[in-house]
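Report on the following structure.
What follows is calculated from the coordinates using simple rules that are stated; it is not laboratory data. In this text the structure is predicted, and so the values were computed from the model without any measurement. Heads up, the Cβs are rebuilt from the backbone with ideal geometry, glycines too, and the neighbour counts pull from every protein chain shown.
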């Protein structure tokens, strides 16, 4: 089945992992930033993670180079617009983009300027194309708890104006939820929705704690609930939605092969799953490619896909009007 022109919803996509390679070259030349190479083919080797990464940490190293060209308002706006443009070309109807605002303050931008620039890029794309979107603010677990408070506070004024949720991402250690409980609690008080990266690197218990301690409504990845019966039970019973990213999970060795990915087994057992790219450039993928890979391994029926699409719309942090519009696209 050819899913390319089917309508699509993407809920887990990192801005800094989805920058066009030519755009990195353009901005670097314009701003005098030194790159390992200005040849597109050579630069690909620095930006695309191999399918055989040793770990999540090796995969995350690919983000340092794009970050160099994401330090001005103009660049952030352009990169966001282009991501939405790329998504609309494969019939993505709704896209939630996440990024860590503090990563883009190295040349003097403040956090509010960073967030505003990304929203402007998204709005411009919405005006040009038949696509809608929202922004998720990511706090890095590798940074301090104070930095998470800063993101929560600075992003508050944009709630309902493009920003919808808070996220915790980066390297995953056991027991991180307790450390970030207070900033996430404050975020919920302000009205942020909550999605948390957890269970990506062999620690199913982190998913359990993300739900019980942080109140996560969705989980980024969640692969390792298969190794933690209590996490599996909670996710299934409470209908916590898993944002699953098959290629990324193979690259980081959450699973060894696409055939071992638990997404279809989870889906058939009544767990709410969605399909996303994670990082379009770093994983050298598109949403169409991810859906095709899952179909190739598990032979999705159109009924399966329609249900996943519908569940993705309902799990989105969009307002009711946008959800109704998305459902009407299928």
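Largest mean-square fluctuation among 112, 85, 303, in a Gaussian network model of the chain whose springs join Cα atoms under 10 Å apart, belongs to 303.
Between residue 130 and residue 67, take the C-beta separation as r, use R0 = 22 Å, and let me know the FRET efficiency to the nearest 0.05.
0.10
Compare 246, 262, 36 in a GNM of the chain, Cα atoms joined below 10 Å, and give the one with the largest fluctuation. Of 246, 262, 36, the Gaussian network model singles out 36 as fluctuating most. With contributions of -39500 (n - 2.57) from each DSSP H run of at least four residues, the per-residue ellipticity at 222 nm computed over the chain stands at -13500 deg cm²/dmol. With the highest mean first, a sort of the peptides 115-126, 57-68, 224-235 on other beta-carbon atoms found within 10 angstrom per residue produces 115-126, 224-235, 57-68.
In which sequence would 307, 173, 243 go, from the one with the fewest C-beta neighbours within 10 Å to the one with the most? Could the numbers behind the result be given before it?
On the way: 307 15, 173 12, 243 24.
The order, fewest Cβ neighbours first, is 173, 307, 243.
Using alpha-carbon pairs under 8 Å, 6+ residues apart, how would you state the relative contact order of the range 8-328 in percent? Value for the range 8-328: 20 percent. Given axes a ≥ b ≥ c from the Cα gyration tensor, I'd like to know whether the range 180-330 is rounded (a/c under 1.5), prolate (a/b larger than b/c) or oblate. Verdict is oblate for the range 180-330. Each distinct pair of alpha carbons in the chain adds a 1/r term; the inverse of their mean, the Kirkwood radius, is 19.7 Å. Taking 7 Å steps out from each Cα toward its Cβ at residue 314 and residue 142 produces label points 3.7 nm apart. Exposure proxy shown here: for 292, 14, 257, the number of other Cβ atoms within 10 Å sets the order, fewest to most, as 257, 292, 14.
Most exposed first by the Cβ proxy, i.e. fewest other Cβ within 10 Å, how do 147, 312 rank? Before the final figure, lay out each step's value.
On the way: 147 16, 312 23.
Sorted ascending by nearby Cβ count, the order is 147, 312.
If the chain linking residue 189 and residue 257 were pulled fully straight, counting 0.36 nm for each residue of separation and taking away their Cα-Cα distance, it would gain 20.4 nm. Modelled label positions at residue 330 and residue 74, each set 7 Å beyond Cα in the direction of Cβ, lie 4.2 nm from each other.
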